[in-house]
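A.B. asks: Quick one: the structure is below, questions incoming.
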Amino acid sequence: MSSEAQESEISNKITCTDVTCPVCGIACDDIEVELDDVSVVTRNACIMGDAKFKELRSSHRITKPLINGKEAPWSEAVDKAAEFLVNAKRPFFFVGSETTSEAMAIAIEIAEMLGGLVDGNATICHGPTVMAMQDVGQAGCTLGETRNRADLDIYWGANPEDSHPRHLSRHSIFVRGFFTEQGRYGRKVIVVDPRRSTTAEHADLHLQLKPGTDFEVLSAIMTILNGFEPHESFTDVTGISREDIHKAAEMVKDARFGVIWVGLGIASTRGKHYNASMAMRLTQLGNKTGKFVILANRGHCNVTGFNQVLNWSHGFPYAVDFSTGAPRYQPGEYSCVDALRRGEVDALFCMCADLGAHLPKIAVERMCEIPVVSIETAEGPQAFISDVVLPGVLDAMECTGTFYRMDNVPIYARSFCDPPFDFTKSNEDTCTQLRDAIIQKLEAREKAKEEEAQAKPQTTPLSDEEFGQRLDKLVSRAG
Ligand code: SF4
């Protein structure tokens, strides 16, 4: 048991405070957990966080390694996993978000070593936003700054009341901060969403745009801020009145500190990364009259971490191919769904993500045809289609590690209990053991090649004279 967590033992009950929640991108760090042999009770966690902590005592937990659905010794499972990956010509490494940055770094290292492809959850969520960040640049800030300073919150294509349940109470609308002591009464709220979402119920202004017109609405606000009028077709195209779009532009102009929180509604609609680029350009414009920042409401706890790790290790945020020996970046070609759909991937490594439950049918069908190695904590479609399952460790509960919050701040999460097995201490440890097994196999293969080359009978090349004689013989025989 880790001594780092603040804990007190009462018989076999453990109470821990200031625990980090490893579920959504907020990474709340004020959770209290009471754990005994059969139950888990949490305080401060939302319904999503509470469900994750309950996995500690779930009957669906995978605690034994599996090969073809049958229990197997750990060393055998690691060896089999290494064999599948070493024998593949185009292995794919999907590095899921529900694990630490340390584990991700080793999985990426293995992908590079084997000349494979590597991708993460951004590929099916905020990938376009991440592309826009590289394209335009992100004026960001910490969640502490939004809490203490923001007097305008714009939720664009985001519904945090459902996706990040503690967002509004901890970091935006309702929280009272150092310069925002009036809480909700000192803040203005704009929600841009085609639906009357639960977050929109709290808005001072709800821009209920027609689906797929984010780009046009962003352009219109920028047009007004630059002193011009949007095109006469604006209301017909977007469904938003001139009065409302002017109101939105005024609110941007009047803000002392504005935040645009972008959700998947901006990244997953027509225009994709162009929408996110425009939102970042609006942020730049907002900085002419006040302070303006933009933050992506990242869904999974460490989805930002994967982009960070791949960026600092290889210069690109996701969808990278190492087959030429150097990293190449091409979303749409080296991204997970695309590579699987084309049928070129011949082995898949998947860590802490249920691709079986979330990818399109054509990609899952390909996964069923090739060897799949998964690090997985619970039974589900991913474990079901895997040839080798290595039991996953619950990060921030059973092992320590680093998570990048949605504001790109690294949080070091402490553990407060041990995994229910002793063959691995963490997903980082599992990746390290797998990497070492792969290195051994590669070295053995090299050695076998050298021995084979040495065992071949040595042939001495013909001299020019001998070659000429043999040639003459052949010509005369043919004649
Ligand atoms: S809001 Fe997110 S990080 Fe906070 S408790 Fe809920 S799931 Fe966990």
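Each reported figure results from applying straightforward, stated rules to the coordinates on display, with no laboratory input. From a predicted model like this one, the values you see are computed outputs, not experimental measurements. No Cβ is skipped: glycine too gets one built from the backbone with ideal geometry, and neighbour counts run over all protein chains shown.
A.B. asks: Return the sequence-ordered ³J(HN,Hα) values of the range 162-172 in whole Hz as given by the Karplus equation 6.51 cos²θ - 1.76 cosθ + 1.60 applied to θ = phi - 60°, using x for Gly and Pro.
C.D. replies: Those phi angles translate into 9, 7, 9, x, 9, 4, 5, 8, 9, 10, 9 Hz.
A.B. asks: Among the listed pairs Lys13/Lys425; Lys89/Lys272; Lys89/Lys456, give every one whose C-alpha distance is greater than 30 Å.
C.D. replies: In this structure, Lys89/Lys272 exceed 30 Å between Cα atoms.
A.B. asks: If you don't mind, there's one more thing I want to ask. Under a 5 Å amide H to amide H cut-off, with H placed in plane at 1.01 Å, what residues pair with Gly392 once short-range neighbours are removed?
C.D. replies: Glu376, Thr377
A.B. asks: Could you work out how far helix 427-455 tilts from the main Cα principal axis of the chain, as a 0 to 90 degree angle to the nearest 10?
C.D. replies: Once rounded, the angle reads 20 degrees.
A.B. asks: From the P(r) of the range 9-157, can you give the percent of Cα pairs sitting at distances over 26 Å?
C.D. replies: 51 percent
A.B. asks: Bin all alpha-carbon pair distances of the chain at 20 Å intervals from 0 and give each bin's fraction as a whole percent.
C.D. replies: Using 20 Å bins, I get a P(r) of 22, 46, 23, 6, 3, 0 for the chain.
A.B. asks: Just tell me the longest site-free run in the chain, where the sites are chymotrypsin sites (Phe, Trp or Tyr not before Pro) in a DSSP loop having at most 16 other beta-carbon atoms within 10 Å.
C.D. replies: 229-420
A.B. asks: Would you give the gap between the C-alpha center of the range 321-341 and the C-alpha center of the range 20-88, rounded to a whole Å?
C.D. replies: Computed from Cα coordinates, the inter-centre distance equals 29 Å.
A.B. asks: If you take every DSSP beta bridge whose two residues both sit in the chain, what share of them, in percent to the nearest 5, is antiparallel?
C.D. replies: Percent antiparallel among DSSP bridges in the chain is about 40.
A.B. asks: Where the only charges are on Cβ atoms (+1 Lys, Arg; -1 Asp, Glu), what is the dipole of the chain about its Cα centre, to the nearest 20 debye?
C.D. replies: On the way: 49 positive and 68 negative charges, 254 e Å.
Value, rounded to 20: 1220 debye.
A.B. asks: Taking amide H positions as placed 1.01 Å from N in the peptide plane, with prolines and chain starts having none, which residues 5 or more places from Ala347, or on another chain, fall under 5 Å of its amide H?
C.D. replies: Result for Ala347 returns Arg90, Phe92.
A.B. asks: A further question on this structure: Restricting to DSSP loop positions (anything but H, G, I, E, B) with no more than 14 other Cβ atoms inside 10 Å of their own Cβ, which trypsin sites (Lys or Arg not before Pro) remain in the range 177-237?
C.D. replies: Hits after loop and neighbour filter: Arg195, Arg196.
A.B. asks: Once every Cα of the range 128-296 carries one equal point scatterer and solvent is ignored, give the base-10 log of I(q)/I(0) from the Debye formula at q = 0.10, 0.16 Å⁻¹, two decimals.
C.D. replies: -0.32, -0.87
A.B. asks: Would you mind checking the tilt of helix 273-286 against the longest principal axis of the Cα atoms of the chain, expressed as 0 to 90 degrees and rounded to 10?
C.D. replies: 40 degrees
A.B. asks: Turning to a different aspect of this structure: List the GluC sites (Glu not before Pro) within the range 124-215 that fall in a DSSP loop (any state other than H, G, I, E or B) and whose Cβ has at most 11 other Cβ atoms within 10 Å. List each step's numbers first, then the result.
C.D. replies: Working: sites: Glu145, Glu161, Glu181, Glu201; in loops: Glu181.
When the GluC sites (Glu not before Pro) of the range 124-215 are filtered for loop state and at most 11 Cβ neighbours within 10 Å, Glu181 remain.
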